[in-house]
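Trainee: Below is the structure I would like to discuss, written out as structure tokens.
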Amino acid sequence: MRAEPLLTIAPLASVGSMAELYAIALMQAETAAMRYERLAQSEEESFGPVRCVFEVLTQRERERADSICLGSGASQRKRPDPADLRWKPTDLVPVQELSDVGNSSLSTAYHAWALAVRHRERTFIFWTYVAALATDHAVRSTAEDFAREALIDGNILRRERRLAWRSMRQGATDRGSAPSEPESAALLESLLLKDVVLWSQQLTPVERDYLSTLRPSPLPPVLEPHEAIVKSDTLEDIKRRALRRAEQLSNLYLDEADRAADQNSMEYAQNMAAQSIARLAGLRSIALASTVLP
């Protein structure tokens, strides 16, 4: 289970037009290609296996940018234009994460593929947010297509990650260590539901009704009267904990999709991930409506 969040900053606003949507998508793809290319150009001999991964990732992002331009041309009859941006797009490929890999003498091809998977998972989450917040049907539909593409692309990158992981795992086994097991999704769902129930007691009836619709674990129809915020927890504590657990669940369902042994299991986990991310978007929306989280 990841300790750090995949996407700490939700989209600053809903995307209002297809032109804006394509402008965001192109900027993110071009930014990713540019940042991957910097590592692909490393001349250090020991960085060779990692450099090869970033060469592949650079080419993939360039092809993605070309595809976005084609989509914009077919839909808008023009190339994506930065002038259509109303806010700075969320950074899906942070410089610091790439620096950690590029500056470490311990980096391997596995670390590079794992980072690429993380970036595509973050992209999936971002476009799921956009789809959840969109009021325009075309924007919502295209954002869902982008999210689906990121999910499929992530699965492809995971296969590469698994190949690299096998050799690392063998090395870990030789040293007597083993990877840790993830937390239980059922346990996290139960803990999250308790937090959301406590949180809901401080909300308006309209906000509570909205929370009751969020899946995979909606609020119960009747809130127990004995449920109350304990003195050791402030409302902000509960909100932060709920948001953290909601994102942990999104990550866990994505990981379960990665480990699925068959198509049905993978589709179920992907569906749970999509619902969980939509729930996270709803919780963040309510949290941001009342206060600005650090």
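Trainee: In terms of Cα to Cα distance under 12 Å, which aspartates and glutamates are near enough to LYS194, apart from those fewer than 8 places away along the same chain?
Mentor: Output for LYS194: GLU224, GLU227.
Trainee: Let me ask you something else. Rounded, prolate or oblate, given the Cα gyration tensor of the stretch 47-92, with a/c below 1.5 counting as rounded?
Mentor: Details: a/c = 4.87, a/b = 1.87, b/c = 2.61.
Oblate is the answer for the stretch 47-92, as a/c is 1.5 or above yet b/c matches or exceeds a/b.
Trainee: Can you find, among VAL56, LEU21, ASN155, the residue farthest towards the positive end of the dipole of the stretch 18-174? Put +1 on the C-beta of Lys and Arg, -1 on that of Asp and Glu.
Mentor: Result: ASN155, furthest along the dipole toward the positive end.
Trainee: Is the stretch 37-139 rounded, prolate or oblate when judged by the Cα gyration tensor, a ≥ b ≥ c being the square roots of its eigenvalues, rounded requiring a/c under 1.5 and prolate requiring a/b larger than b/c?
Mentor: In terms of gyration-tensor shape, prolate.
Trainee: What does the charge dipole of the stretch 18-174 about its Cα centre add up to, to the nearest 20 debye, if the Cβ of each Lys and Arg holds +1 and the Cβ of each Asp and Glu holds -1?
Mentor: 360 debye
Trainee: Under the classification rounded if a/c is under 1.5, otherwise prolate if a/b is larger than b/c and oblate if not, where does the stretch 81-172 fall, given a ≥ b ≥ c as square roots of the Cα gyration tensor eigenvalues?
Mentor: oblate
Trainee: Run down the aspartates and glutamates and flag those whose C-alpha is under 13 Å from the C-alpha of LYS88, throwing out any fewer than 8 positions away in its chain.
Mentor: Partners within reach: GLU20.
Trainee: Can I ask one more? Ordered by residue, what ³J(HN,Hα) values in Hz, to whole numbers, does the stretch 103-113 give under the Karplus form 6.51 cos²θ - 1.76 cosθ + 1.60, where θ = phi - 60° and Gly and Pro are x?
Mentor: 9, 8, 6, 9, 5, 10, 4, 4, 4, 5, 5
Just so you know, all these numbers are worked out from the coordinates, no wet-lab data involved. Predicted model, so just to flag it, every value in this text is computed and none were measured. Methodologically, a virtual Cβ is constructed for each residue, glycine included, from the backbone with ideal geometry; neighbour enumeration extends over all protein chains shown.
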